[in-house]
Amino acid sequence: MSLKETINTDIKKAMLAKKKDDLRALRAIKSMIMLAETEKGSASELNEEQEIKILQKAVKQRKESADMYQSQNREDLAEIELSEVAVIEQYLPQPLSEEELKAAITTIIAETGAEGPKDMGKVMGVATKSLAGKADGKSISTMVKTLLNQ
């Protein structure tokens, strides 16, 4: 079942259960998917990688909004954004633990033949592609820096 079909099913369930917060987040995801599908030059159906990118973008936007609301002492609005993040994260693949991330990046460093910090770009290119959806760019970058500086 594609993400779009899953979201449609979950929207119906949220409507029946009268879960307004879940419904708002699910409708936002559905909207983002539909926009991506109708974009000029895109395929009519999204692949799994594109769906994950859309979900990651939605999570990132909501976290940034929540941070902004909290800095402005608007806890009520921040709470709404964070509840949407929780709903959206259910559809993302389980993120890698720090140990799993370290092991994956160590393997990538060995494959690329990187020897030090000067090879960070080479490692990051491969790492961001292979770990897409499993870890965010910031944690990948931090781990690569740490491992290359050893």
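Couplings 3J(HN,Hα) of the stretch 49-61, computed from phi: 4, 5, 5, 5, 4, 5, 5, 5, 5, 5, 5, 4, 4 Hz, in residue order, whole Hz [Karplus 6.51 cos²θ - 1.76 cosθ + 1.60, θ = phi - 60°; x for Gly and Pro]. With both labels modelled 7 Å from their Cα along Cα-to-Cβ, the Thr146 to Val126 distance reads 2.0 nm. Derived scalar couplings between HN and Hα for the stretch 21-35 equal 5, 5, 4, 4, 5, 5, 5, 5, 4, 4, 4, 5, 5, 5, 5 Hz in order, rounded to whole Hz, by the Karplus curve 6.51 cos²θ - 1.76 cosθ + 1.60 (θ = phi - 60°), x for Gly and Pro.
For the stretch 1-85, the residue among Asn8, Met68, Asn47 whose Cα projects farthest onto the positive side of the dipole built from Cβ charges is Asn8.
Need one word for the stretch 3-89: rounded, prolate or oblate. Basis is the Cα gyration tensor (sqrt eigenvalues a ≥ b ≥ c); a/c below 1.5 gives rounded, then a/b vs b/c decides. Because a/c hits 1.5 or more and a/b fails to exceed b/c, the stretch 3-89 counts as oblate. Going by a ≥ b ≥ c, the root eigenvalues of the Cα gyration tensor, does the stretch 50-91 fall in the rounded group (a/c under 1.5), the prolate group (a/b larger than b/c) or the oblate group? Judged from the Cα gyration tensor, the stretch 50-91 comes out oblate (a/c at least 1.5, b/c at or above a/b). The mean sequence distance of close C-alpha pairs (under 8 Å, at least 6 residues apart), as a share of the length of the chain, puts its relative contact order at 19 percent.
For a test of the definition: using alpha carbon positions, the gyration tensor, and the 1.5 limit on a/c, classify the chain as rounded, prolate or oblate. Intermediate values should be presented prior to the final figure.
Working: a/c = 2.50, a/b = 1.65, b/c = 1.51.
Cα axes put the chain in the prolate bin.
Bridging of Lys13 to lysines at a Cα separation below 16 Å is possible for Lys4, Lys30, once same-chain residues fewer than 8 apart are set aside. Using the Karplus relation 6.51 cos²θ - 1.76 cosθ + 1.60 with θ = phi - 60°, the per-residue 3J(HN,Hα) values for the stretch 91-108 come to 9, 8, x, 4, x, 6, 6, 4, 5, 5, 5, 4, 5, 5, 6, 4, 5, 5 Hz, with x marking Gly and Pro.
FYI, it's all coordinate maths here, none of it is from the lab. In this text the structure is predicted, and so the values were computed from the model without any measurement. Cβ sites come from the backbone with ideal geometry, for glycine too, and all protein chains shown count toward neighbours.
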